[in-house]
Structures are given as structure tokens and as C-alpha cells.
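To keep things clear, I will list the structure first and then write my remarks on it.
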Amino acid sequence: MASRNSDFASPTRRGLIALGAGAALGLGRATSGFAQARPPASPRGQVVAGISQEPTVFNPLMPGSEVDQGVWWQVFSPLWYIDPQGKLVADLAREVPSLENGGLSADGLVWKVKLRSDAKWHDGTPFTAEDVKYTLDLINNPGFRVRNRVGHGLVRDIRVVAPDEIHWRMESAYSPYLSILALTFIVPRHILEKASDPNTAPFNSAPVGTGPFRWGERVAGDHILLQANPAYHGQGPHLERIVFKYIPDLTMLYTQFRTGQVDYLGLSGISAHFVREAQSLRGRKVSLSPTAFVEHIALNLEYGPFAEKAVREALYLAMNKQARIDALYYGLPVPTESFLPQQSWAYADKLPVHRHDPAKANALLDAAGWVRGPDGIRAKAGVRLEFTNSTTVGNPGREQSQQLLAQDWQAVGAAMRISNMPAAVIWGEFWQKSKFQSVMVGSNFMQGSDPDVTPRFSSKAIPAKGGSGLNTCQYQNAEVDTLLAQGATQFDQAARKATYGRIQQIIRDDLALLPIYQTVMAEGLKDGLQGFAANINCSSNCWNMRSWYWAS
């Protein structure tokens with residue numbers, strides 16, 4: 001849910017839905033992988049995955065980045081995961097609990113999870129319900145430096161019914177917990193409970209999991225080696241080894257992909273200005289992968305002019321989205337009207353489509369009483385239509401986009417001053433306590449892959465007003481509050497889709513944020529590498545490396 005200093009070439013960008021080799025730069029909503037062949041009978045070969053950030057966190061419950069998660073998916077397993085189509089698929093669990101199979105009570109409060117009995121930890125110890133209980137207890141241990149307690153904090157009365165079954169009660173019904181558990185990796189009780197402090201346990205640098213690959217070695221500053229797990233409980237793995245190769249320079253990383261030293265270039269992605277060349281390379285494939293991040297202008301809705309809806313509408317009409325997408329990002333990002341990615345099952349696809357219309361913007365401001373002064377800048381009741389826009393320093397794409405945006409808005413009588421600052425400053429109290437006027441930012445608004453946006457838009461989630469959440473724009477809408485509470489307690493997907501569809505309509509009508517585009521990452525694969533499937537529901541497209549293999 002965190003806001004990011006995001007740009008197309010940012011190393012924190014995760015690609016999500018593949019469109020295939022040589023795809024045109026225009027993106028549709030279809031999902032496809034690359035042509036499949038038959039996987040080998042036993043693990044064969046290796047894949048060198050080039051990354052620009054070095055993985056350093058190997059306990060999957062602790063705070064980490066997307067590159068760390070790329071490693072977690074190989075070494076560990078969740079109870080279930082979410083496939084590219086948004087379907088929950090059982091992993092360590094025998095089935096995903098639901099109202100239909102009795103795993104969830106009608107009120108959503110009682111959970112009964114049946115587990116596999118054939119899964120083993122990499123050291124040969126059987127996986128049991130005790131490991132699940134230990135994991136949930138550790139997450140809720142106030143002394144443990146956990147990545148996220150959202151949802152987990154509602155779990156009560158955990159009972160191990162049998163080695164392959166565990167029950168618990170939720171303090172209140174919370175349907176997004178299914179998605180949160182899909183991104184929660186289970187850790188071994190028999191190892192971590194022996195540590196005097198799980199925050200500093202030896203396990204954290206030499207992890208033992210139930211995943212398709214076992215820990216091999218880490219050479220700091222260079223690479224991580226993982227070996228096939230022959231006792232893996234699922235299908236695969238089909239590779240003998242995976243090497244995560246750390247190459248911090250993006251140009252050098254692309255060069256090594258181009259020359260064949262790197263088999264897969266993902267996680268950081270191919271820089272936008274190299275994409276067309278990459279698509280023309282013989283023996284290479286490019287996946288154009290939309291991400292869950294939405295680039296937008298965050299407005300502090302309690303700052304003077306922004307409190308007026310006519311001003312927000314005029315600024316949105318004056319914004320030339322397509323010009324910056326084409327000029328700065330080579331046409332790769334997808335214009336959007338929602339805070340949800342277009343591949344989400346909850347995405348509302350009939351929202352009003354933005355158009356660049358400075359004439360209508362001027363007419364709106366005229367009608368609302370914003371009068372141009374001698375310098376061309378409008379004012380109303382002694383308040384000038386001027387404000388600052390901030391983002392992190394050192395982001396060329398963002399800085400150029402700000403210049404274009406300032407020109408767009410000056411044309412309708414609004415003065416935008418650029419006030420950028422280091423990441424540590426902008427994302428501190430300046431952002432958290434709503435001290436900004438407007439910010440250019442890319443955010444993943446979802447809870448894992450769930451459309452619950454309570455922390456973003458609930459009136460109780462405004463930190464500047466004592467709330468707990470990420471509603472730094474200080475948005476307040478009583479109907480949205482009611483719908484958010486409703487959606488988080490619904491377990492029927494069709495009903496939830498209607499609820500979150502209505503939320504998207506209201507947010508778009510209110511222009512609680514000015515959406516620009518859904519970001520897109522280009523990932524590169526060597527010909528012959530099969531099984532890649534970009535997944536909007538995971539933070540790393542390495543999520544299914546267990547299924548990757550080389551075509552013979």
C-alpha cells in the first residue's frame with residue numbers, strides 16, 4: 001500500500017501482465033504468456049536473473065523489497081497464492097477456505113484451514129499446522145520487526161486441531177485476509193523458536209523453507225544461488241539452479257541481457273529508451289507488463305483552492321496526459337481513471353474518460369469566480385490559484401513531467417511551483433502529516449491484491465487528524481466510508497465488485513486524486529525460456545519460477 005517515488009525505469013517497478021514477444025507498445029487487457037513446450041522429466045539447467053537492487057532480507061516476514069520477494073517465492077510457500085487471473089490456488093493448504101467448503105463460517109469469523117500432509121522443510125522436517133500457528137503468532141508478536149500486521153492483528157484463538165488442520169477466529173470479518181495470506185510465507189517453527197531473538201536469528205541469513213528451491217549461497221554484492229528442491233510438494237521445479245545476479249547499473253544490466261549473460265531481465269525492467277531495440281533483438285523476447293502502480297497527482301484537499309471541486313476538475317481537464325506518456329515514457333504507460341489496475345477483478349471499466357480540454361477548464365474556472373490577474377494567474381476572494389508540486393529529487397522522468405504539467409496549468413491560469421526534496425524528507429512527516437500541497441507519486445493502492453482501500457480513503461485513516469492509515473490527501477466522504485466498511489466484510493466476489501465499482505465512481509467524480517497512468521514495465525527473456533507468466537497479484541514476476549524451464 002505504500003506510496004512510491006515511481007517512474008517507469010524505477011527498480012521497484014513490478015511487471016504484471018505479459019503481452020508476448022514483439023508486442024506493440026499499445027497495451028490491451030488480455031493476458032498471455034509465451035509459447036509453451038513440455039517441461040523436462042527432471043530439473044535441468046539454470047536461469048540467470050539480472051536485477052539492479054541487491055536482495056538482503058531473507059526472512060519473508062520482515063520488511064523487504066520486491067527483489068527480496070523474488071527470492072522468497074523460491075525458498076518459501078504460502079498457504080495459497082493468487083494466479084494471474086486472480087484465482088486463489090492452494091499451496092501448503094489442501095484447499096482455499098470458503099463458505100462453500102465449510103472453511104469459512106457464514107459470518108466470516110471462523111476459519112478452518114486443512115493442510116497438506118506431504119510438504120517438508122528443506123532440512124527434511126515435516127511441515128505441520130504448528131508451523132502455521134507459529135508464523136501467525138510471530139507476526140503478531142509486538143517484539144518482532146514484522147513487514148505487515150494488517151489483517152493478521154484480527155486473528156484470535158488459534159487452535160491446532162491436527163497436524164494437518166488449524167482453526168482460528170477473527171475479531172471481525174475481514175475478506176481481504178484471503179489475499180493477505182496469499183502473500184504471507186510460512187516459516188519453520190522448529191528452527192526459529194530456538195532463536196533467542198527472531199529479529200537476529202541465523203535463519204535470517206540462511207533461510208530454510210518448503211519452496212521449490214533451497215538456499216545455496218550468497219556472495220554479497222554479486223549474486224545469490226538457489227538449488228532445486230527434489231522433495232518439493234508441488235509441480236516442478238524444472239531448473240537445477242537459479243542465480244539472482246546483482247548489476248546495479250541499468251545500462252550494464254541491459255547490455256548483459258543483450259549479449260546473453262543474463263537470461264531474464266525483470267524486477268528492475270528494461271529502461272524505456274531501450275525497449276524498441278530490445279524488441280528487435282534476435283533470440284530475445286519482451287513482455288510489456290502493466291503494474292499495480294498508478295501514477296497520479298495527490299492533492300491535499302484541505303489546501304485552499306483544492307477544496308473546491310471545480311478547481312480539481314479544471315486542473316484535470318487542463319492536464320495533457322497523453323503528451324507526457326508519449327514524450328517521456330515512449331508510449332508505454334496506460335492512461336487510467338481509477339486507483340485500481342485495469343487487470344484487477346474489481347476494476348470499474350466504465351468510468352468517464354479523461355480528455356485534454358483547456359477551453360472547458362477555463363470556462364469552469366470563469367464560472368466558479370476564479371478571475372485572472374495582471375500576471376495571468378487566477379484568484380478568488382483574495383486567494384491566488386497557486387500551489388507547489390513535489391516529488392523526489394533525482395528522478396528525471398518526474399522532473400520533466402512536472403515541467404510539462406506546469407505549462408498545462410499555467411495555460412488555464414494556475415501557477416504551479418516545483419519544490420522537490422530527498423526521499424527521506426518527502427515521505428516523512430511532509431507526506432504522512434499532510435504538509436504538502438500537491439505531490440507527483442506512484443502508488444499501489446491495494447491490500448496485497450485486494451481492492452480494499454480503507455487505509456487510503458477512509459475518513460478515519462487521516463494521520464494529520466489522528467487517524468491510522470495512509471489518507472494523506474485528507475479525503476472525506478460519508479458514502480465511501482459506508483461502502484469501505486461493507487466491502488471489507490463481503491465474501492462474495494460479485495457483491496464486492498459492485499461495492500468497489502461504486503467506490504471508484506465516487507472517487508473519480510470527486511477527483512480525490514488526479515490519475516495519470518498505470519505504469520508498465522518491460523521485461524526481457526531469452527528465447528527458449530518457458531513458463532514465464534506475469535502476475536498482477538504478486539510483487540515479483542519471479543513468483544512461479546518453479547514452472548520455468550528451457551525448451552529442448
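The values are calculated or read from the model by the stated rules, or taken from the named source; none is laboratory data. Keep in mind that what you see is a predicted model, and the values were worked out from it rather than measured. Please note: Cβ atoms are built from the backbone with ideal geometry, for glycine as well, and neighbour counts cover all protein chains shown.
Details
Results for (1) charged (D, E, K, R); (2) farther than 21 Å from residue 295 by Cα; (3) in the same structural domain as residue 48 (by the TED database), shown as yes or no for each residue.
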{"position": "453", "(1), (2), (3)": "no, no, no"}
{"position": "479", "(1), (2), (3)": "yes, yes, no"}
{"position": "490", "(1), (2), (3)": "no, yes, no"}
{"position": "493", "(1), (2), (3)": "no, yes, no"}
{"position": "504", "(1), (2), (3)": "no, no, no"}
{"position": "512", "(1), (2), (3)": "no, no, no"}
{"position": "542", "(1), (2), (3)": "no, yes, yes"}
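- The set of residues in the stretch 275-311 being hydrophobic (A, V, I, L, M, F, W, C), in contact with a Phe, Trp or Tyr (Cβ under 7 Å, 6 or more places away or on another chain) and more than 26 Å from residue 430 (Cα to Cα) consists of 275 alone.
- Scanning the stretch 214-222 turns up no residue that is within 27 Å of residue 549 (Cα to Cα) and crowded, with 24+ Cβ neighbours inside 10 Å.
- Residue count for the stretch 130-146 under the criterion of being over 25 Å from the mean Cα position of the chain (by Cα) and within 16 Å of residue 197 (Cα to Cα): the result is 5.
- Consider the stretch 124-163 and keep the residues that are of a type in the set (Gly, Ala, Ser) and surrounded by fewer than 17 Cβ atoms within 10 Å (Cβ to Cβ). The one that is farthest from residue 93 (Cα to Cα) is 143.
- Check on residue 363, within 18 Å of residue 411 (Cβ to Cβ), out of contact with any Leu (no Cβ under 6 Å at 6 or more places or on another chain) and modelled with pLDDT under 95: no
- Qualifying residue in the stretch 486-496 (condition: within 24 Å of residue 88 (Cα to Cα), surrounded by fewer than 23 Cβ atoms within 10 Å (Cβ to Cβ) and of a type in the set (Ser, Thr, Tyr)): yes
- Close Cβ contacts (under 6 Å, 6 or more residues apart or on different chains) running from residues in the stretch 350-361 that are in a helix (DSSP H, G or I) to residues that are at pLDDT below 95 and of a type outside the set (Lys, Arg) are absent.
- Out of 270, 297, 242, one residue alone is surrounded by 16 or more Cβ atoms within 10 Å (Cβ to Cβ), touching a residue at least 12 places away in the same chain (Cβ under 8 Å) and more than 22 Å from the chain's Cα centre (by Cα). It is 242.
- Some residue of the stretch 247-266 being closer than 17 Å to residue 221 by Cα, at pLDDT below 95 and hydroxyl-bearing (Ser, Thr, Tyr): no
- Failed item in (1) out of contact with any Pro (no Cβ under 7 Å at 6 or more places or on another chain); (2) hydrophobic (A, V, I, L, M, F, W, C); (3) within 29 Å of residue 544 (Cβ to Cβ); (4) assigned to a strand (DSSP E or B), with residue 158 passing the rest: (3)
Here's the yes/no breakdown for (1) under 30 Å from residue 355 (Cα atoms); (2) among the aromatic types (Phe, Trp, Tyr); (3) in a strand (DSSP E or B); (4) without any contact (Cβ under 8 Å) to a residue 60 or more places away in the chain:
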site: 500; (1), (2), (3), (4): yes, yes, no, no
site: 503; (1), (2), (3), (4): yes, no, no, yes
site: 506; (1), (2), (3), (4): yes, no, no, yes
site: 514; (1), (2), (3), (4): yes, no, yes, no
site: 522; (1), (2), (3), (4): yes, no, yes, no
site: 525; (1), (2), (3), (4): no, no, yes, no
site: 533; (1), (2), (3), (4): no, no, no, no
site: 540; (1), (2), (3), (4): no, no, no, no
site: 546; (1), (2), (3), (4): no, no, no, no
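- Cβ-Cβ contacts under 6 Å between residues 6 or more apart (or on different chains), taken from a first residue in the stretch 116-139 that is assigned by the TED database to the domain that holds residue 96 to a second residue that is assigned to a loop (DSSP other than H, G, I, E, B) and of a type in the set (S, T, N, Q), are listed as 119/210; 121/210; 127/210.
- Residues of the stretch 189-210 satisfying the condition of being outside any loop (DSSP other than H, G, I, E, B), free of Cβ contacts under 8 Å to residues at least 60 places away in the same chain and of a type in the set (Ser, Thr, Tyr): 200
- For the stretch 437-467, residues that are assigned to a loop (DSSP other than H, G, I, E, B) and within 14 Å of the chain's Cα centre (by Cα) total 8.
- Residue 258 vs. criteria more than 23 Å from residue 403 (Cβ to Cβ), free of Cβ contacts under 8 Å to residues at least 40 places away in the same chain and crowded, with 16+ Cβ neighbours inside 10 Å: yes
- Exclusive hit being in contact (Cβ under 8 Å) with a residue 12 or more places away in the chain and more than 30 Å from residue 178 (Cα to Cα), set 412, 425: 412
Results for (1) in the same structural domain as residue 72 (by the TED database); (2) at pLDDT 95 or above; (3) of a type in the set (Val, Ile, Thr); (4) closer than 23 Å to residue 233 by Cβ, shown as yes or no for each residue.
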site: 142; (1), (2), (3), (4): no, yes, no, no
site: 147; (1), (2), (3), (4): no, no, no, no
site: 152; (1), (2), (3), (4): no, yes, no, no
site: 155; (1), (2), (3), (4): no, yes, yes, no
site: 159; (1), (2), (3), (4): no, yes, no, no
site: 181; (1), (2), (3), (4): no, yes, no, yes
site: 206; (1), (2), (3), (4): no, yes, no, yes
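For every residue, the table says whether it meets (1) surrounded by 23 or more Cβ atoms within 10 Å (Cβ to Cβ); (2) out of contact with any strand residue (DSSP E or B) (no Cβ under 7 Å at 6 or more places or on another chain); (3) closer than 27 Å to residue 308 by Cα.
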residue	(1), (2), (3)
463	no, yes, yes
477	no, yes, yes
530	no, no, no
537	yes, no, no
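- Residues satisfying the stated conditions in the stretch 127-154, i.e. in contact with a Ser or Thr (Cβ under 8 Å, 6 or more places away or on another chain) and within 20 Å of residue 169 (Cβ to Cβ): 135, 139, 152, 154
- Count of the stretch 318-343 residues which are surrounded by fewer than 21 Cβ atoms within 10 Å (Cβ to Cβ) and among the hydroxyl-bearing types (Ser, Thr, Tyr): 1
- For the stretch 232-338, the helices (runs of 4 or more DSSP H) that sit wholly inside it and include 3 or more residues that are in the same structural domain as residue 459 (by the TED database) are 309-318, 321-329.
- Residues that are in a loop (DSSP other than H, G, I, E, B) and under 38 Å from the mean Cα position of the chain (by Cα), drawn from the stretch 362-405: 385, 391, 393, 394, 395
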